[in-house]
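Peer 1: Starting off with a structure, shown below.
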């Protein structure tokens, strides 16, 4: 995720996409269908969002990601009351409970050998985790130009069961980053996504309509 929309319509459309990825399309009055009155401006706003790196579309124009959420199943799912969205990576998943304002249970797996991992996050606090000493890899492939974070970062941002597993993980060529304790990763994720969190909450509460 490189930037945010610079126009009011861009903000409206971005918030609507996040609503749809959280709730499912056509299930919320705040989703894209509610913006039919904007006409062609929706498509222009979507194009802007792609340009700034806030969303990713495939070759057919379908939205596959709106950071921090994924439109397609991934290895990182968050359980929030009645909502069960996917995140693009481990780091992104840690910011979703704060964005929605609910305690969330993240289900994922170890990036080294695939064992199940669960993390309960509320606001910016880890309430519980299994296993206990989780590590998060946070980084990206260098020298990848303007390729989306979903391609150059997300495949390599994972949870690890332990410090030993994170150190044993074989880094891909060109990877630059760091290995973070879980609590540090949550704080960094919430701070990184704070502008999106605030935008989403503003529109969720009706202030942006």
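The values are calculated or read from the model by the stated rules, or taken from the named source; none is laboratory data. Nothing here was measured: the structure is a model prediction, and the numbers come from that model. All Cβ positions, even for glycine, are placed from backbone atoms using ideal geometry, and neighbour counts span all protein chains on display.
Peer 1: Can you report the number of residues in the range 49-100 which are surrounded by fewer than 24 Cβ atoms within 10 Å (Cβ to Cβ), farther than 27 Å from residue 135 by Cβ and under 14 Å from the mean Cα position of the chain (by Cα)?
Peer 2: Count: 3.
Peer 1: Residue 157: closer than 23 Å to residue 22 by Cβ and modelled with pLDDT of 95 or more, yes or no?
Peer 2: no
Peer 1: Next question. Give me the residue from the range 1-15 that is surrounded by fewer than 22 Cβ atoms within 10 Å (Cβ to Cβ) and within 17 Å of the chain's Cα centre (by Cα) and, out of that set, modelled with the lowest pLDDT.
Peer 2: 2
Peer 1: Inside the range 68-142, counting only strands (runs of 3 or more DSSP E) that do not spill past its ends, which hold 1 or more residues that are over 21 Å from residue 200 (Cα atoms) and in contact (Cβ under 8 Å) with a residue 60 or more places away in the chain?
Peer 2: On the way: elements: 77-79, 104-109, 116-122, 125-130, 135-141.
Per the criteria, 116-122, 125-130.
Peer 1: Go through the range 160-183 and count every residue that is part of a helix (DSSP H, G or I) and in contact (Cβ under 8 Å) with a residue 24 or more places away in the chain.
Peer 2: Count: 6.
Peer 1: Still on this structure: Tell me which residues, restricted to the range 67-97, are in contact with a strand residue (DSSP E or B) (Cβ under 7 Å, 6 or more places away or on another chain) and over 23 Å from residue 187 (Cβ atoms). Show your work before the answer.
Peer 2: We begin by selecting, within the range 67-97, every residue in contact with a strand residue (DSSP E or B) (Cβ under 7 Å, 6 or more places away or on another chain); these are 68-80, 84-88, 90-91, 93-94, 96-97.
Those that are in contact with a strand residue (DSSP E or B) (Cβ under 7 Å, 6 or more places away or on another chain) and over 23 Å from residue 187 (Cβ atoms): 71, 72, 73, 84.
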